[in-house]
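One structure is given here, and the rest of the page talks about it.
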Amino acid sequence: METIFGAIFCVAMIAVVIITSRLKKKSIQKIYEQFQEKDFAYTLVFKSNEWGPGTEKIILNTGKITENFDSEKLGAENFNVSVKSEISDGASNTIVEKEKTVPVKRAYLCDIDGNEIIRSDEDSDSEIPYDETGSATHIALEIESSSGDAFSSPFIYDPAEKCIRWKKIYDFKIGHSLFENDMSECSDWFSPDAQKFRPLKNTGTLNAFSYIPENVKPKEKSAHPLLVLILGEKSRTDIPMTVLENYLTPLVAEEIQTRLGGLFVLCMKSESEKTLSRFVKKNRAVNRDRITLIDISESDEKLREWIKNLEEKNQEN
């Protein structure tokens, strides 16, 4: 009898293991499909400018047909780009949908992240990396983005919600003679500089986040300056929006990082000695005598002035 029950128990356990394994595989597959780049789709690259955030580049996943793009076909004038976007209508104080043509400044072969590459037989003296495999599958389009152009920004002020939010409608359409149909599906978006900022685990995503210099050594002590920014109501619903909206990307750019030998940046919604103390204690490379605090909750003029002074000093040297 015990043998029978033992056998039944073993069979049941095996069944549980098999079912759990299958469910796990389905879950992993679902996550993979969610983040997998879509075929014949585009990815938007956002940048923070002095006048505000804007779309800097569109990366096209053109797959196998990329091999048909020679230097002539890659001419910027051969691409037809338009965008349908939510736009604020000041007259009615509402949000409306509008569409416009987007000028393309430059087009080139690139990797999945938008970094330019060239075919190995194009220019032997070029400093641009070669497409070593000869199987490039992406094309980057640099587009015009300017101050006062409501179509440039992925954000919009919503008068009903009384806040800045991501646009719910921000759809691009890209056409070319080599495409059977216009490319109109968005695969993803990202901002290279904004993604360098990370949330502080002990405070929550929206309350505090930071940037750690890339050149920090594991056992380094008191060698790097720290810039602390108080955001106040300028703290948005997520880190990328906060970084892009508040012109924080110059802080992680090579120019300023090199000038200061690696700058730590800590952003807090409100001033907190506890958060600052924890951050400095955890990051021993921070020099306690080189901590600068700037409150940008009302205006970012002090931050812009601080950045401008650094840039001017860099030019003098």
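At-a-glance table
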quantity	calculated
Simple label model, 7 Å out from Cα along Cβ direction - ASP158 to ASP113, nm	3.3
Links that overshoot a 29 Å alpha carbon limit, given the list LYS168/LYS281; LYS38/LYS217; LYS105/LYS234; LYS38/LYS196	LYS168/LYS281; LYS38/LYS217; LYS105/LYS234
ILE291 paired with GLU305, simple spin-label distance in nm, labels 7 Å along Cα-to-beta-carbon	2.3
With DNA, RNA and ligands ignored, accessible area of GLU72 (1.4 Å probe; Å², nearest 10)	140
Dipole-positive endmost among PRO250, VAL265, ASN181 within the range 148-278 (Cβ charges, Cα centre)	VAL265
At most 16 other Cβ within 10 Å, DSSP loop - trypsin sites (Lys or Arg not before Pro), the range 214-303	LYS219, LYS221, ARG284
Efficiency of FRET from Cβ geometry, GLU255 and ARG165, R₀ 30 Å, rounded to 0.05	0.45
Net dipole in debye of the range 140-253 [+1 Lys, Arg Cβ; -1 Asp, Glu Cβ; about Cα centre; nearest 20]	840
Mean Cβ neighbour count within 10 Å, used as a protection proxy, ranking 241-249, 260-268, 186-194 highest first	241-249, 260-268, 186-194
The range 247-281 residues near the modelled LYS221 label - backbone nitrogen below 15 Å, point 7 Å along Cα→Cβ	281
In the range 39-82, the trypsin sites (Lys or Arg not before Pro) that fall in loop regions by DSSP, at most 10 other Cβ within 10 Å	none
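The values are calculated or read from the model by the stated rules, or taken from the named source; none is laboratory data. Predicted model, so just to flag it, every value in this text is computed and none were measured. Neighbour counts run over all protein chains shown; Cβ positions are idealised from the backbone, glycine included. Only protein heavy atoms, including side chains, enter the accessible area calculation; ligands, DNA and RNA are left aside. Shrake-Rupley method; radii C 1.70, N 1.55, O 1.52, S 1.80 Å.
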